Each structure stands twice: as C-alpha cells, then as structure tokens.
Amino acid sequence: MKFLVLNGVNLGRTGMREKGVYGTDTLESINRGLAEFVKAHGHEADFFQSDIEGELCTKIGQAEGVYDGIVLNAGAFTHYSYALRDAIAGVKVPVVEVHMSNVHAREEFRHKSVLTEVCKGEILGFGKNSYYLALESFWL
Ligand code: DQA
C-alpha cells in the first residue's frame, strides 16, 4: 500500500516549538522514522507539510487513485477548516486524523475537530507514536 503523511500549519516547526507538548524530534526525523517503519512492513509513503490550507486541500484532492490512505495532522486547521473537511469528504481515500498531544486535555478550542466526522478514525495523545499507530491502522 502507499500512504500520504500530511502535516498542516506549524507542524514544520515540530522539535523547535512547545517542546514540552510536541517533543524534541523534528518533523524531518519523525518522517524518516515513519518511512523506515512503512518500508519494513512492505509499504510506501510520501510526506508533505504546509502552513497553507489550500495546499493541503489540493494534496488531498490529488490523492485519489494514488494513495491507499492518508495520515493527517492538520494542526490548528483541525479546529476550524471547513475547506479541509470538504476536501476529505470529497475523496474516497480514507483519512486518519492524528494529533501528537491529547487535545482533550488542553484548551477548550482544541476539543472540537471539524474533521473527525469525515475521517475514518482519529488517534491522539501518543506524541510521534500517534503517526505510527495511524499508519499501522491501515494494515493491522
Ligand atoms: C496538534 C494539536 C492542535 O491543537 C495544534 O494546533 C497543533 C498540533 C497536535 O499534534 O497535537 O498544531 O494537531
């Protein structure tokens, strides 16, 4: 299978911002680990990060027929992006929503995701392992 690991706004600064919340590993090193993990299980993955909402929507729209699944950490877009929600609803590719932090144990505005309803499932609160668990969900 082939997967797309998609990260949204501010996730490019993982390892540099709010280390107590998101850890000290950079997104690049997390993605390297994920690439090895996926390969070790006989699969493939592409990686993309953008701070621009529309670029993420475009990537999702182009995923049909290319990817078997998308792992998406949309960052703060999670909480208000109807554009991303529509992009997910508009493709047949299953999307697993991911968060490194336990958003339900944080500020109230993070308790609501406008994406979950159109996603296959959601994994949150396990730091970088949230990405591993989300990928694994496609083949377990
Ligand atoms: C996040 C949680 C979001 O609320 C936040 O805006 C992020 C990261 C997470 O991975 O825990 O940027 O998606």
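The values are calculated or read from the model by the stated rules, or taken from the named source; none is laboratory data. Keep in mind that this is a model prediction, so the values were computed, not measured. With ideal geometry, Cβ positions are generated from the backbone for all residues, glycine too; neighbour counts draw on all protein chains shown.
Any chance segment 67-77 includes a residue that's buried (at least 19 other Cβ atoms within 10 Å of the Cβ), of a type in the set (Ser, Thr, Tyr) and either away from the ligand (no atom under 11 Å from the Cβ) or at pLDDT below 95 (or both)? Yes. The single condition among (1) in contact with a Phe, Trp or Tyr (Cβ under 8 Å, 6 or more places away or on another chain); (2) surrounded by 17 or more Cβ atoms within 10 Å (Cβ to Cβ); (3) small (Gly, Ala, Ser) that ALA63 does not meet is (1). Regarding segment 31-41, can at least one residue be identified that is touching a Lys or Arg at 6+ places or on another chain (Cβ under 7 Å), modelled with pLDDT of 95 or more and either part of a helix (DSSP H, G or I) or within 13 Å of the ligand (Cβ to nearest atom) (or both)? No, there is no match, as no residue in segment 31-41 is touching a Lys or Arg at 6+ places or on another chain (Cβ under 7 Å), modelled with pLDDT of 95 or more and either part of a helix (DSSP H, G or I) or within 13 Å of the ligand (Cβ to nearest atom) (or both). Per the listing LYS112, LYS120, the residue uniquely touching a helix residue (DSSP H, G or I) at 6+ places or on another chain (Cβ under 8 Å) and not hydrophobic (A, V, I, L, M, F, W, C) is LYS112.
Looking only at segment 1-30, which residues are among the hydrophobic types (A, V, I, L, M, F, W, C) and either more than 16 Å from the ligand (Cβ to nearest atom) or surrounded by fewer than 16 Cβ atoms within 10 Å (Cβ to Cβ) (or both)? Explain how you work it out, then say what you get.
Keep residues of segment 1-30 that are among the hydrophobic types (A, V, I, L, M, F, W, C), which gives 1, 3-6, 9, 11, 16, 21, 27, 30.
MET1, PHE3, LEU4, MET16, VAL21 - these are the residues of segment 1-30 that are among the hydrophobic types (A, V, I, L, M, F, W, C) and either more than 16 Å from the ligand (Cβ to nearest atom) or surrounded by fewer than 16 Cβ atoms within 10 Å (Cβ to Cβ) (or both).
Can you confirm whether PHE126 is in contact with a Gly (Cβ under 6 Å, 6 or more places away or on another chain), surrounded by 14 or more Cβ atoms within 10 Å (Cβ to Cβ) and not β-branched (Val, Ile, Thr)? Spell out how you get there, then give the answer.
On the way: in contact with a Gly (Cβ under 6 Å, 6 or more places away or on another chain): no; surrounded by 14 or more Cβ atoms within 10 Å (Cβ to Cβ): yes; not β-branched (Val, Ile, Thr): yes.
In short, no.
Which residues, taken from segment 93-134, are among the basic types (Lys, Arg), near the ligand (Cβ under 10 Å from one of its atoms) and within 22 Å of PHE47 (Cβ to Cβ)? Once the filter is applied, which keeps residues that are among the basic types (Lys, Arg), near the ligand (Cβ under 10 Å from one of its atoms) and within 22 Å of PHE47 (Cβ to Cβ), segment 93-134 yields only LYS128. The condition of being within 12 Å of the chain's Cα centre (by Cα) and assigned to a helix (DSSP H, G or I) does not hold for PHE47.
Each residue in segment 55-105 was checked for being assigned to a strand (DSSP E or B) and not β-branched (Val, Ile, Thr), and 5 pass.
Evaluated against (1) within 18 Å of PHE126 (Cβ to Cβ); (2) in contact with a strand residue (DSSP E or B) (Cβ under 7 Å, 6 or more places away or on another chain), VAL21 falls short on exactly one condition, (2).
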